[in-house]
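The values are calculated or read from the model by the stated rules, or taken from the named source; none is laboratory data. Being a predicted model, the structure only gives us computed values, none of them experimental. Here the Cβ positions follow ideal geometry from the backbone for every residue, glycine too, while neighbour counts run over all protein chains shown. Accessible surface is based on the protein model in full, side chains and every heavy atom, while ligands, DNA and RNA are left aside. Shrake-Rupley method; radii C 1.70, N 1.55, O 1.52, S 1.80 Å.
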Amino acid sequence: MINPELIVGMLFLPSMADNKSIEIVGAERFSDYTGYKLYASSFRFTGDYVEKRNVGSLGRRKTRIVAIDALCSPRMKQYKLNYLLRYVNFWF
């Protein structure tokens, strides 16, 4: 809703495995909104958004969005070595 190219990107990006991430460079925001953390009924469109970030040498916005798949009900499993390595390998 805020970055339409991200919605379209879902058609072309592969499904992520538990140990994968996707980095999207140059996403541009088009919509302004109100609402608590974009959840459910509180999310409301308030008008067009004019992007103020500079562009890099390739003409892309200096924006980076990183996507990692959330674990379904991880509870204590998220603290096992292979899940911890998943996050450490992502950030480094």
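Observations, loosely collected:
- Placing a label point 7 Å from the Cα of ASP32 along the Cα-to-Cβ direction, the residues of region 39-64 whose backbone N falls under 13 Å of that point are 45-52.
- Taken along the Cα-to-beta-carbon direction at a fixed 7 Å, the label points for GLU23 and CYS72 span 2.9 nm.
- Using the Cβ-Cβ distance between LEU6 and LEU58 with R0 set to 25 Å, the FRET efficiency from 1/(1 + (r/R0)^6) comes to roughly 0.85.
- When its C-alpha radius of gyration is set against 2.2 N^0.38 Å (N residues), region 50-89 gives a value of 1.89.
- Using heavy atoms of the protein chains and a probe of 1.4 Å, the accessible area assigned to MET10 is about 140 Å².
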